[in-house]
Amino acid sequence: MPRTYSEDLILSISKAPTDTPGAELARVCIDAKLPAKYIAEVFGVSRMTVHSWFRGSLIRANSVKRIKALLVQIHKDTESGRLPAKNLTDAKAYLRGFMHQ
């Protein structure tokens with residue numbers, strides 16, 4: 001099972017504006033059990049940057065475009081039963097396909 005998100009982070013995300021790509025990414029990643037560490041690797045940023053996105057900080061336009069594409073795919077894979085990830089290996093393997101796009 002992938003490392004869970006802290007209760008503090010989940011609480012702050014629930015209070016974050018819901019109309020930001022970062023907040024939507026946070027909610028989807030929590031539900032899909034995709035750790036922020038691996039999301040950071042996909043985008044070539046730090047884990048702290050991903051957590052800042054989750055809490056509503058500004059995201060560069062090129063990253064927003066990639067986030068939106070990732071969200072579409074995560075939603076599809078959640079509906080098809082491929083997600084949530086069963087363990088860290090599955091989560092990393094799933095996100096590896098999105099690296100360097």
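What follows is calculated from the coordinates using simple rules that are stated; it is not laboratory data. Nothing here was measured: the structure is a model prediction, and the numbers come from that model. Here the Cβ positions follow ideal geometry from the backbone for every residue, glycine too, while neighbour counts run over all protein chains shown.
Observations on the model:
- Once you reduce the stretch 39-62 and the stretch 1-35 to the center of their Cα atoms, the two points are 12 Å from each other.
- Under the criterion of Cα pairs below 8 Å and six or more residues apart, the relative contact order for the stretch 7-96 equals 36 percent.
- Between LYS65 and ASP31, the FRET efficiency from the beta-carbon distance, with R0 = 25 Å, is close to 0.70.
- Helix-only mean residue ellipticity at 222 nm for the chain, each DSSP H run of n ≥ 4 adding -39500 (n - 2.57), per residue, nearest 500: -20000 deg cm²/dmol
- Listed peptides 53-60, 80-87, 35-42 by packing density, highest first (mean Cβ within 10 Å): 35-42, 53-60, 80-87
- Measuring nothing but how far apart in sequence close Cα pairs (under 8 Å, 6+ apart) lie, relative to its length, the stretch 1-54 scores a relative contact order of 38 percent.
- Rounded to the nearest 20, the size of the Cβ-charge dipole of the chain about its Cα centre is 280 debye, with Lys and Arg at +1 and Asp and Glu at -1.
- Segment SER46-THR89, extension gain: residue separation times 0.36 nm, minus the distance between their alpha carbons: 13.5 nm
- Cross-link pairs exceeding 21 Å between alpha carbons, from the set LYS37/LYS86; LYS15/LYS92; LYS15/LYS76; LYS15/LYS65; LYS33/LYS68: LYS15/LYS92; LYS15/LYS76; LYS15/LYS65.
- Sequence-distant residues sharing a close amide H with LEU83 (under 5 Å, placed H): THR78
- Residues LEU58 and GLU79, FRET efficiency given R0 of 30 Å [Cβ-Cβ distance, rounded to 0.05]: 0.50
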